[in-house]
Amino acid sequence: MKESRLTTIARRGLAFPAETREQMRKTGIRCRPQLEIVYQQRANQWKLRGEESGGAVALLGHYVGFVDGQGKALSWLQRVQNFLPNGVHAVIIASELVRVEMFRFENTYDLLITKHWLDLKKGRRPELRSGILFLGRNGSLETELWGNDAAFRGGAMPHFLTRSGELGSPDSAWIDATLKVTEAVCCTGCRHNHLLEAATSANLLDLTEVPA
Ligand SMILES: [Zn+2]
């Protein structure tokens, strides 16, 4: 039972009680951790599609962003600019992704870091595989990054305790992404890509590559 709950979280992202979901809906923050499997006709290959999205109001924040398997920044395929803040910021297409999702309610934070890849099957639609790299609940950070202490943004992250009361932090590879997503869930009226970066010519070439 417990295992299937973790499997669902790994695949779909953090799960919240109905009351929390209702609160989040009212704030207008639209965070979409769901990943899609897409097929590129010209390149004849299957890929994963994610949307970097979310933002914050003073009371709470919810954001999802993406990095590569080593925790390094990835480039977006397409930047999305909306009239309304705290929505979709950019689209990423890749063969494998590490998803970094954070939820903040006042000074309390949840963090989920998951790895996603495609299990390719000859002549068939591939299956999405997901694994949890870090799950921290009820982490705390007293600094009010969305208000008086905004100057500390980008240099502070919540600390998480294990069930036995010890400090449990994500592995060093994910610290940079955690700092960025902490900043994002404190970014009121967010209109930024906090994790994805602008495309470089090198990866634009990669996207248009067509097999011989
Ligand atoms: Zn922002």
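Just so you know, all these numbers are worked out from the coordinates, no wet-lab data involved. Owing to the predicted nature of the structure, the values given are computational and were not obtained by experimental measurement. Ideal geometry is used to build each Cβ from the backbone, glycine not excepted, and the neighbour counts take in all protein chains shown.
Summary of values
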item: Set of lysines near Lys26 by C-alpha distance (under 28 Å), chain-local residues within fewer than 8 positions excluded; result: Lys180
item: Shape metrics for the stretch 5-203, restricted to C-alpha atoms - Rg then Dmax, Å; result: 16.5, 56
item: Residue-averaged 222 nm ellipticity for the chain, from DSSP H runs of 4+ at -39500 (n - 2.57), nearest 500; result: -5500 deg cm²/dmol
item: Percentage relative contact order, the stretch 97-168, counting C-alpha pairs under 8 Å, at least six apart; result: 25
item: In degrees, nearest ten, helix 175-184 long axis to first principal axis of the chain (Cα); result: 70
item: Within a Gaussian network of the chain (alpha carbon springs, distance under 10 Å), most fluctuating of Phe105, Phe16, Phe134; result: Phe16
item: For the stretch 5-203, share of DSSP beta bridges that run antiparallel, in % to the nearest 5; result: 95
item: Cys residues of the chain counted as unpaired, since no other Cys beta-carbon is under 4.7 Å; result: Cys31, Cys186
item: Rounded Å value of the spacing that divides the Cα centres of the stretch 127-202 and the stretch 6-71; result: 14
item: Top of Asn107, Asn193, Asn148 by mean-square fluctuation, Gaussian network on the chain, Cα under 10 Å; result: Asn148
item: Charge-dipole axis of the stretch 5-203 as Lys and Arg at +1 and Asp and Glu at -1 on Cβ define it, positive-most pick from Ala156, Gln40, Ser169; result: Gln40
item: Gain in span if fully extended, Glu19 to Asn107, counting 0.36 nm per residue against the direct Cα distance; result: 29.8 nm
item: Cross-link partners of Lys47 among lysines (Cα-Cα below 22 Å; sequence separation of 8 or more within a chain); result: Lys72, Lys115, Lys121, Lys122
item: Fewest-first ranking of Met102, Met24, using other Cβ atoms within 10 Å as the exposure measure; result: Met24, Met102
